[in-house]
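**Q** To start, I am sharing the structure in question, which I have written as structure tokens.
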Amino acid sequence: MKLHHLLQTDLIFYDYDIKSLDELYNAIAEKIYDKFNINEDKILKAFRERENLGYSIFSNGTMIPHGRIENLDDLIIVIVKTKNPLEISNQKADLFYCILTSNIGSNCYLKTLASFARISHEYDAEIRSKSNANEILDFITELNIDIVSPIKIKDIISGKVVTVNIEDTIASVSDKMKKYNMIFFPVVDDEGKYLGQINVLDVLELAYPQYVLMMTDINFLSNFRAFEEFQNQELTTKVKDLYTKSSDKTINVNANIVEFGYILVKRHWHHLTVVDDENKVVGIISSRTILQNILRG
Amino acid sequence: MYIAGTIFILSYVFIASEKINKTIVALLGASLMLLFHIISQDKAFEHVDMNVISLLISMMVLVKIVEQTGVFEFIAIKIAKLVKGDPFKIMVFLFLLTAFFSAMLDNITTVLLIAPVSILLAGELKISPIPFLLSQIFASNIGGTSTLIGDPPNIMIGSAAGLSFMDFVFNLVPLIIILLIFLSLTFYFLFGKKMKVSNENRARIMAFDEKKLIKNPVLLHKSLIVMTFVIIGFGIHGFVDLEAATIAMTGASILIIVGKIDPDTVFKEVEWGSIFFFTGLFIMVGTLVETGIIGIISKKMLDFTHGDVKFTAKILLWFSGGFSAIVDNIPFVATMIPLIQDMGTHLGTHAIKPLWWALSLGACLGGNGTLIGASANVIIANMAAKSGNKISFLDFLKYGVPITLMTLLISYFYILIRYF
């Protein structure tokens, strides 16, 4: 499905003369009531409920108000360009992509949200250069944005990659974990190719050798030699002794978010290493990314 | 008949080579017997000894439940404290404890429970865990020999020969006690003098609070009550005309109910690989019986021994001891059982009783010969290696070969004196 197929010129308002966000919501609610016969109070409530979690305003003056209405089996989009910027909690916005969906969410809802976020990041100047509703719709039509094909991993990973080399000592891994406030790193060879991963529990294995893990518990101990000798061990043990070799805890940078979410839910994992076609590490992606970009984008 | 023999020998070679998972080899061998129409499926499944299979599964279920109460580790730690952290006494008592547990549980479970505690104790005492672990390998194989449920070969022998739990106790336990005393003395000369620990390290052991291991005393009490009844049941099953499998199955079912255990969770813990291994083996050996191969070999053996049971027992003991030291004793015993049964039809079932004991002793004690002689040996060796204490194949031979020879020799005289 294409984004422009969800847009209608009578729900795009150019040079709209209003003074406040409340006024904007009221106007939108009225239009939607006229067109779809949806209770105006419900519409206002939906926007405000989402707003309580924080405003989705970008620094370029774009805002994406969105909300969920119980049993609304639809996805409704209203685009508003106001004549003058509105003051909203110390920020300014004059371009609004308003989206309403049901409480369970339409298939295209998340992608629609993400698409508008992308339009705002990449084509803000072009959108603002248009002078009426038809031009805006034509421009979005030209972009030909697919909203059924999901977002790709490469669109949402952050740039910085921290990895550890297979020959590094465990002490240096612990230091790095503290420094970057991370609990796992991809393990790479000298060429930066992915070999596996090491997390804080792998490091802790130094203190808890395999034979103790086979016991029911060690709560009867008041002292435990392996634990006491942890720091000496840390200096002499290397990543290659403890890391987990795996090829399935990775995801290709061209894979999409649906695939990613599926792996997390199915395997109960919280993060994956993102690799390119040559198996070089290009980033990491975690369940937090899903929260920040998708669930509460 | 030739195809059956070929399939069997090839499967045996693959099992011994350990290149392919033995369960898969056994199942594939059994499948080939069926695919070539050497045996019909109905007939093949008749040879699967459900008495053995259900006894194994029931005991695994029982043990998995009791194991999670922490009682086994509790006893091991308690012993270490009772002997005030004295390393040699710890070694001997854990040796005897391992033998006792192996008699009541399967050997693998026993070493999985005792060996980690031993490595931990040795670590705290700052001594090598290897003497502890070696002694436990020997204990698991010797202890397992003493009862019907102690070792899979005994389960198979008991089921096939109609020997009860108490038959094993009366016939084998006296010998096992002699062997355990003999080995304890051997250990004293080998390791006793060398084990020295500092006062501080000994104090570390005494600071253990083993009561904390018992986290679910309610389940422990229920488990102990059920286990007591199961053991009493084993004691009398021969007199009340019930199979040991019936006793174990009843005990397992009752413990699952009264212990409020989730059946699916505990069933997942059953070692299905072993169970299917037995199934495949039974079918392959059953085919040999049905095709008459076993009958022919048994006839040849009778010709060779002139029906002399004493002579046969001697050969059986030494041959199965040597063979089991190198390859898995389960397929060996599975093959020998129909052979001996067939000889029994000529010599009389009562007359061949010593043969069953010779087979059991040879097959179980032979496991001590090499590091690959029994699964428990391999498990301990792996555990030792992972804790930074490698036991090499040759190192083990230095202890394994003389100890196996001595225990077999003692068994040899025991059999001669007691039965002939």
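The values are calculated or read from the model by the stated rules, or taken from the named source; none is laboratory data. Here the structure is a predicted model, which is why all the values come from computation and not from measurement. Here the Cβ positions follow ideal geometry from the backbone for every residue, glycine too, while neighbour counts run over all protein chains shown. With ligands, DNA and RNA removed, areas are computed over all heavy atoms of the protein, side chains included. Shrake-Rupley method; radii C 1.70, N 1.55, O 1.52, S 1.80 Å.
**Q** Residues in segment B:86-103: is at least one within 20 Å of the chain's Cα centre (by Cα), within 27 Å of B:Gly280 (Cβ to Cβ) and assigned to a helix (DSSP H, G or I)?
**A** Among the residues of segment B:86-103, at least one is within 20 Å of the chain's Cα centre (by Cα), within 27 Å of B:Gly280 (Cβ to Cβ) and assigned to a helix (DSSP H, G or I), which makes the answer yes.
**Q** Which of the numbered conditions does B:Ile352 fail, given that it passes all the others? Conditions: (1) within 29 Å of B:Ala16 (Cβ to Cβ); (2) touching a Pro at 6+ places or on another chain (Cβ under 6 Å).
**A** Of (1) within 29 Å of B:Ala16 (Cβ to Cβ); (2) touching a Pro at 6+ places or on another chain (Cβ under 6 Å), only one is false for B:Ile352: (2).
**Q** Considering segment A:156-176 alone, what residues qualify as being β-branched (Val, Ile, Thr) and in contact with a helix residue (DSSP H, G or I) (Cβ under 8 Å, 6 or more places away or on another chain)?
**A** A:Ile156, A:Ile157, A:Val162, A:Val164, A:Ile166, A:Thr169, A:Ile170, A:Val173
**Q** Something else now. Identify, by number, the condition in (1) in contact (Cβ under 8 Å) with a residue 24 or more places away in the chain; (2) aliphatic (A, V, I, L, M); (3) within 25 Å of B:Asn199 (Cα to Cα); (4) facing another protein chain (nearest Cβ under 10 Å) that B:Ala80 doesn't meet.
**A** Against the list (1) in contact (Cβ under 8 Å) with a residue 24 or more places away in the chain; (2) aliphatic (A, V, I, L, M); (3) within 25 Å of B:Asn199 (Cα to Cα); (4) facing another protein chain (nearest Cβ under 10 Å), B:Ala80 comes up short only on (4).
**Q** Output the residues belonging to segment B:5-33 that are of a type in the set (Gly, Ala, Ser) and either open to solvent by 20 Å² or more (accessible area, probe 1.4 Å) or within 25 Å of the chain's Cα centre (by Cα) (or both).
**A** Scanning segment B:5-33 gives B:Ser11, B:Ala16, B:Ser17, B:Ala26, B:Gly29, B:Ala30, B:Ser31.
**Q** Quick one: count up the residues across segment A:114-150 that are outside any loop (DSSP other than H, G, I, E, B) and over 17 Å from the mean Cα position of the chain (by Cα).
**A** Qualifying residue count, segment A:114-150: 19.
**Q** With respect to B:Asp42, determine if the residue is within 18 Å of B:Asn141 (Cβ to Cβ) and away from every other protein chain (no Cβ under 14 Å).
**A** Considered against the rule, which asks whether it is within 18 Å of B:Asn141 (Cβ to Cβ) and away from every other protein chain (no Cβ under 14 Å), B:Asp42 comes out as no.
**Q** If you don't mind, there's one more thing I want to ask. Taking segment B:217-254, which residues are open to solvent by 30 Å² or more (accessible area, probe 1.4 Å) and not in a helix (DSSP H, G or I)?
**A** B:Gly238, B:Phe239, B:Val240, B:Asp241, B:Leu242, B:Glu243
**Q** Are any residues in segment B:104-136 surrounded by fewer than 23 Cβ atoms within 10 Å (Cβ to Cβ), more than 10 Å from every other protein chain (Cβ to nearest Cβ) and part of a loop (DSSP other than H, G, I, E, B), and if so, which ones?
**A** Of everything in segment B:104-136, those that are surrounded by fewer than 23 Cβ atoms within 10 Å (Cβ to Cβ), more than 10 Å from every other protein chain (Cβ to nearest Cβ) and part of a loop (DSSP other than H, G, I, E, B) turn out to be B:Ile127, B:Ser128.
**Q** Related question: Does B:Leu94 fit the bill of being within 11 Å of chain A (Cβ to nearest Cβ) and surrounded by 24 or more Cβ atoms within 10 Å (Cβ to Cβ)?
**A** no
**Q** Continuing with the same structure: With the condition kept exactly as written, say whether any residue in segment A:238-254 is out of contact with any strand residue (DSSP E or B) (no Cβ under 8 Å at 6 or more places or on another chain), away from chain B (no Cβ under 13 Å) and at positive phi.
**A** no
**Q** Return the residue satisfying two criteria in turn: it lies in segment B:201-216 and is buried (at least 19 other Cβ atoms within 10 Å of the Cβ) and not basic (Lys, Arg), and of such residues it is farthest from the other protein chains (Cβ to nearest Cβ).
**A** Residue satisfying both the conditions and the ranking: B:Ile205.
**Q** Still on this model: Tell me, yes or no, whether segment B:60-75 has at least one residue that is within 14 Å of chain A (Cβ to nearest Cβ), open to solvent by 10 Å² or more (accessible area, probe 1.4 Å), out of contact with any Leu (no Cβ under 9 Å at 6 or more places or on another chain) and over 24 Å from A:Glu228 (Cβ atoms).
**A** Scanning segment B:60-75, I find at least one residue that is within 14 Å of chain A (Cβ to nearest Cβ), open to solvent by 10 Å² or more (accessible area, probe 1.4 Å), out of contact with any Leu (no Cβ under 9 Å at 6 or more places or on another chain) and over 24 Å from A:Glu228 (Cβ atoms), so the answer is yes.
**Q** Hey, another quick one. Does segment A:20-32 contain at least one residue that is in contact with a Ser or Thr (Cβ under 7 Å, 6 or more places away or on another chain) and more than 24 Å from A:Ile140 (Cα to Cα)?
**A** No, the conditions are met nowhere in segment A:20-32.
**Q** Tally up the residues in segment B:380-420 that are within 14 Å of chain A (Cβ to nearest Cβ), among the β-branched types (Val, Ile, Thr) and either open to solvent by 40 Å² or more (accessible area, probe 1.4 Å) or without any contact (Cβ under 8 Å) to a residue 12 or more places away in the chain (or both), please.
**A** 0
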